[in-house]
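Worksheet: one structure, shown below.
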Amino acid sequence: MKKFFNKLWDHLRTNPKQIFFRVAFVLFIIWFLFDDFGIVKRIRMEAEQRILVERLKTVRKRVEENELRIQHAKDPDSVEKAAREKYNFRKEGETLFIIRDK
């Protein structure tokens, strides 16, 4: 074990520039990958962006559907349809059948 450390120490003393540049290169690679603007963070942020874009699409679609409902809400037919479907209302003299899926 002592021979190994002696060889390592001799190598460090004889090639200090080479060791310095290797250590600097390794530190640069670590910084490049894991810094605030590193590749790992960028990949995470792009994945999050894809999720948010999909969520935005679904929310926009729901907003459009709600806007159409609001536009049609003033029609007497749509009010009657909503009351019949959602609240099980019926006209006088009608028989109401409720069919539920199991």
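Derivation of every value follows stated rules applied to the coordinates shown; laboratory data play no part. From a predicted model like this one, the values you see are computed outputs, not experimental measurements. Glycine also receives a Cβ, built like all others from the backbone with ideal geometry; neighbour counts cover every protein chain displayed.
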Task: Breaking point among (1) farther than 30 Å from Lys86 by Cα; (2) part of a helix (DSSP H, G or I), for Phe37 - done: (2)
Task: Residue within the range 86-94 that is in a helix (DSSP H, G or I) and not aromatic (Phe, Trp, Tyr) present - done: yes
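Residue-wise test of (1) part of a helix (DSSP H, G or I); (2) under 34 Å from the mean Cα position of the chain (by Cα); (3) among the small types (Gly, Ala, Ser).
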site: Lys7; (1), (2), (3): yes, no, no
site: Leu27; (1), (2), (3): yes, yes, no
site: Glu46; (1), (2), (3): yes, yes, no
site: Val59; (1), (2), (3): yes, yes, no
site: Ile98; (1), (2), (3): no, no, no
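Conditions tested, residue by residue: (1) surrounded by fewer than 10 Cβ atoms within 10 Å (Cβ to Cβ); (2) of a type in the set (Asp, Glu).
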| residue | (1), (2) |
| --- | --- |
| Ile19 | no, no |
| Ile30 | no, no |
| Asp36 | yes, yes |
| Ile43 | no, no |
| Pro76 | yes, no |
Open item on the list: With the structure loaded, tell me whether Ile19 is assigned to a helix (DSSP H, G or I) and in contact with a helix residue (DSSP H, G or I) (Cβ under 9 Å, 6 or more places away or on another chain) or whether it fails that test.
Closed with: yes
